[in-house]
1. Using a basic spin-label model with each label point 7 Å from the Cα along Cα→Cβ, how many nm lie between S4 and S60?
2. Hey, what number do you get for the chain at 222 nm if only DSSP H runs of n ≥ 4 count, each worth -39500 (n - 2.57), divided across all residues, to the nearest 500?
3. Any idea what log10 I(q)/I(0) is at q = 0.10, 0.11, 0.19 Å⁻¹ for segment 4-148, Debye with uniform C-alpha scatterers and no solvent?
4. Over the Cα atoms of the chain, each weighted equally, I'd like the Debye log10 I(q)/I(0) at q = 0.07 Å⁻¹, rounded to two decimals.
5. Please work out the FRET efficiency for the pair E99 and V119, using the Cβ-Cβ distance as r and a Förster radius of 35 Å; give the result to the nearest 0.05.
6. Helix 232-247 versus the longest principal axis of the chain: what angle, 0 to 90°, nearest 10, using Cα atoms?
7. Report the per residue volume, in Å³, of the convex hull enclosing the C-alpha atoms of segment 161-320.
8. How many nm is it between the label spots at D255 and D42, if each spot is 7 Å from the Cα in line with the beta carbon?
Amino acid sequence: MANSIERIGVSHCNEIAERHHWMFREQPIDDIGIDAHMEFVDSSGMPKQLLALQIKSGASWFSEKKDNYIVFRDINERQYNYWTMNSLPCIVVLYNPDEDLCIWQKLTDKTIERTKGGVGKGYFVKVPLNQIFLDAVSNKKLLAFTNLPEHIVNYNFLLSQKKFMQIIQNGGVVKLHSYEWVNKSSGRGDTELIVEDGNSVEKYSYPYWFPFTPYTEVFPQLFPWADFSADEDFYEEDDINHWHDLHCFYDREDDKWICVGDTFEEFRKKLNSMRSINHSGEVAEYMMILSLNDLGRAFLAVDEFVSKRQPYSGTRPEEE
């Protein structure tokens, strides 16, 4: 986000979403305008809706008020195409911190209008002042925004994580850092992605609820496109302590550890790549490095293909 006012808007939406049992995930910044994804999962663990959010914060966005709506302008052709053709349902959220007013509108070819009575180059959206983000009425509307078949829902889930896959494909590093409260059954996790794209390091919170499920089973469900390997540097001190306990004894006279079993390198090769550091028997801490598996590589290849105009498109009959 560009400044502190916009950061306030993202944080405010995050708080409201979680209060209404939506999972909120801020997204890597791009030049089109999707600031976050918001997902609703029911009590049985089944995903019911996945939305893409464009968030604008500040009183200036409320300057053009007509009747019972706010006019959201400065939408260009590229944004119009991206939002209306996106596999994920897109909404715009406007937040005025001065009045603590947060409203939203769908971004579709029906709600986005062309300027100058339909002949202008730009676009605008009317955002109703009574469409509050997020009350019971809006919650129901957002859950009913789409009714997609299962294969589209699954594709949309992968699409929501495409940026992370692309960063890995382009030589960046994506790490998963997580704490598991091993003696609790709620399943609510404290997880984040640490993303290094070569220019900066960003962190993205990844909340979820998987009751009664070990995190080693949760991670592949959250990121089905990834293989997981331990961050060796992060685990080194803990691995050394375990190696000392299992394969060494301490020579007090010479004040050093003497190996009587596997070398440290041999010991490490036998460790589970998806392991954790135990903190007092209460918390298991993970630091995993994500890489693309077969699904991830195939998804990026398919996505690249379907995102481009192909030669066969010229054989389609013209619309009447």
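Read-outs: derived from the displayed coordinates by stated rules, not from any lab. Note that the structure is a prediction, hence the values are computed from the model and not measured. Note: ideal-geometry Cβ built from the backbone for every residue, glycine included; neighbour counts use all protein chains shown.
1. Each label point lies 7 Å from its Cα, and together they span 1.6 nm.
2. The per-residue figure over the chain is -9000 deg cm²/dmol.
3. -0.32, -0.39, -1.22
4. Here the Debye-derived log intensity ratios amount to -0.38.
5. So, using R0 = 35 Å, E works out to roughly 0.50.
6. Computed tilt is about 30 degrees.
7. So the per-residue Cα hull volume is 180 Å³.
8. Roughly 6.6 nm, to one decimal.
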